[in-house]
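Peer 1: What follows is a structure written as structure tokens; I'll ask about it next.
The values are calculated or read from the model by the stated rules, or taken from the named source; none is laboratory data. This one's a predicted model, so the numbers in the text were calculated from it and none came from an experiment. Note that we place each Cβ from the backbone using ideal geometry, even for glycine, and neighbour counts take in every protein chain shown. Surface accessibility is based on the protein's heavy atoms, side chains included, excluding ligands, DNA and RNA. Shrake-Rupley method; radii C 1.70, N 1.55, O 1.52, S 1.80 Å.
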Amino acid sequence: MKHGFVYLASQSPRRQQLLGLIGARLEPLLPDADEDAEALEATRPGEAPADYVQRVTRAKLAAARQRLQRRGLPPAPILCADTTVALGRAILAKPADHTEAAAMLQRLSGRAHRVYTAVAVHDGRRIHAALSNSRVRMAALPRAVLAAYVASGEPMGKAGAYAIQGALAGWIERIDGSHSGIMGLPLFETTQLLRAAGVQLAL
């Protein structure tokens, strides 16, 4: 069965933009005001970063499926994704404030880390899922650069307190993996999942 659009259960403008690049027509499927979407991202002690991001993505997908049914919307595939930054087994989630953002960036400065993005699509019958695993090396950040970046507010709401497509892009020495995955939606994997779910794409 072919579908003309996909529901995107994400508030991320980056994911919307990335889906547009592959010609996917999307409809937002955002949480209701009484849903605690942030609670789904809570970490568990000892949980490996790759396991964490896949668990959170599936939890988001389950919530989105309930939302679709509750609202009585037309059936179509639903896409969910989640991204986390990991330094070893330590999960660097979204910083709570500027102080935590600065501490995260100090830990990443001059070191390599992993960025995991899990994607899941439910086509009405089954779940299609994939995991993107990228390695990123950040150059050593001078104190003034770090302070200015934190003061800009860009780290807030970002896993690991930075956006690879943002102002800190000039301090990323090397990436090994998926640039779009680091941004929040690996386009190669996502294209395969959407095609498997019957979603019409540009190419």
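Peer 1: Show that you can apply the helix-only estimate: for the chain, add -39,500 (n - 2.57) for every DSSP H stretch of four or more residues, divide by all residues, and state [θ] at 222 nm to the nearest 500.
Peer 2: Theoretical 222 nm ellipticity from helices: -10000 deg cm²/dmol.
Peer 1: Moving on. Setting aside same-chain residues fewer than 8 positions from Lys94, which aspartates and glutamates have a Cα under 13 Å from its Cα?
Peer 2: The qualifying aspartates and glutamates are Glu38, Glu41, Asp82, Glu154.
Peer 1: Out of Val199, Gly170, Gln11, whose Cα points farthest toward the positive end of the dipole of the chain (charges: +1 Lys, Arg; -1 Asp, Glu; placed on Cβ)?
Peer 2: Towards the positive end, the residue furthest out is Val199.
Peer 1: Below 9 angstrom from the Cβ of Ile175, what's the summed charge of the other residues (Lys, Arg +1; Asp, Glu -1)?
Peer 2: Here the charged neighbours net out to +1.
Peer 1: Which whole-percent values make up P(r) of the chain when all C-alpha to C-alpha distances are grouped in 5 Å steps starting at zero?
Peer 2: Answer for the chain: a P(r) of 1, 8, 16, 19, 19, 15, 11, 7, 3, 1, 0 percent.
Peer 1: If eta is 1.567 mPa s and T is 4 °C, what Stokes-Einstein diffusion coefficient results for the stretch 1-110, Kirkwood Rh from Cα pairs, in µm²/s?
Peer 2: 82 µm²/s
Peer 1: With axes computed from alpha carbons, what is the tilt in degrees of helix 49-71 against the longest principal axis of the chain, rounded to the nearest 10 within 0 to 90?
Peer 2: With both axes taken from Cα atoms, the answer is about 40 degrees.
Peer 1: Could I ask something else about it? Provide the net charge surrounding Val199, with neighbours chosen by a C-beta distance below 10 Å and charges set as Lys +1, Arg +1, Asp -1, Glu -1.
Peer 2: Summing Lys/Arg as +1 and Asp/Glu as -1 gives +2.
Peer 1: Right, here's the next one. Whole number please: convex hull volume per residue of the Cα set in the stretch 61-133, in Å³?
Peer 2: 112 Å³
Peer 1: Probe radius 1.4 Å, ligands and nucleic acids left out: which of Leu105, Leu203 has the largest accessible area, and how do the rest follow?
Peer 2: Highest to lowest solvent-accessible surface, that is Leu203, Leu105.
Peer 1: Sorted by average packing, counted as other Cβ atoms within 10 angstrom per residue and highest first, what order do 29-41, 128-140 take?
Peer 2: Output ranking for 29-41, 128-140: 128-140, 29-41.
Peer 1: Another question, then. Using only the Cα atoms of the stretch 124-169, each taken as one equal point scatterer with no solvent, compute I(q) by the Debye sum, divide by I(0), and report log10 of the ratio at q = 0.22, 0.29, 0.30, 0.32 Å⁻¹.
Peer 2: -0.84, -1.20, -1.24, -1.31
Peer 1: Starting from the Cα-Cα distance between Asp176 and Ser109, subtract it from 0.36 nm times their residue separation and give me the gain in nm to one decimal.
Peer 2: 22.4 nm
Peer 1: Let me ask you something else. With charges set only on the Cβ (+1 for Lys and Arg, -1 for Asp and Glu), what does the dipole of the stretch 79-189 come to about its Cα centre, in debye to the nearest 20?
Peer 2: 300 debye
Peer 1: What's the magnitude of the charge dipole for the chain around its Cα centre, counting Lys and Arg as +1 and Asp and Glu as -1 at the beta-carbon? Answer in Debye, nearest 20.
Peer 2: Once rounded to the nearest 20, the dipole reads 520 debye.
Peer 1: Taking H as built 1.01 Å from N, whose amide H comes closer than 5 Å to the amide H of Phe5, not counting residues under 5 places away?
Peer 2: Residues meeting the criterion, in which the H sits 1.01 Å from N, are Gln200.
Peer 1: Based on the mean of other beta carbon atoms within 10 Å per residue, what is the order of 64-76, 16-28, most packed first?
Peer 2: The peptides rank, most packed first, as 16-28, 64-76.
Peer 1: Here's another thing I want to ask about it. Around Ile91, under 11 Å between beta carbons, what's the net of Lys plus Arg minus Asp minus Glu among the other residues?
Peer 2: Net charge in that neighbourhood comes out at +1.
Peer 1: Shifting gears a bit: What full-extension length gain, to one decimal in nm, is calculated for Arg135 and Ala96 as 0.36 nm per residue of separation minus the Cα-Cα distance?
Peer 2: Gain on stretching Arg135 to Ala96: 11.6 nm.
Peer 1: When only alpha-carbon atoms are used, what values of Rg and Dmax, in angstrom, describe the stretch 75-193?
Peer 2: Expressed in Å, the Cα Rg and Dmax of the stretch 75-193 come to 15.3, 52.
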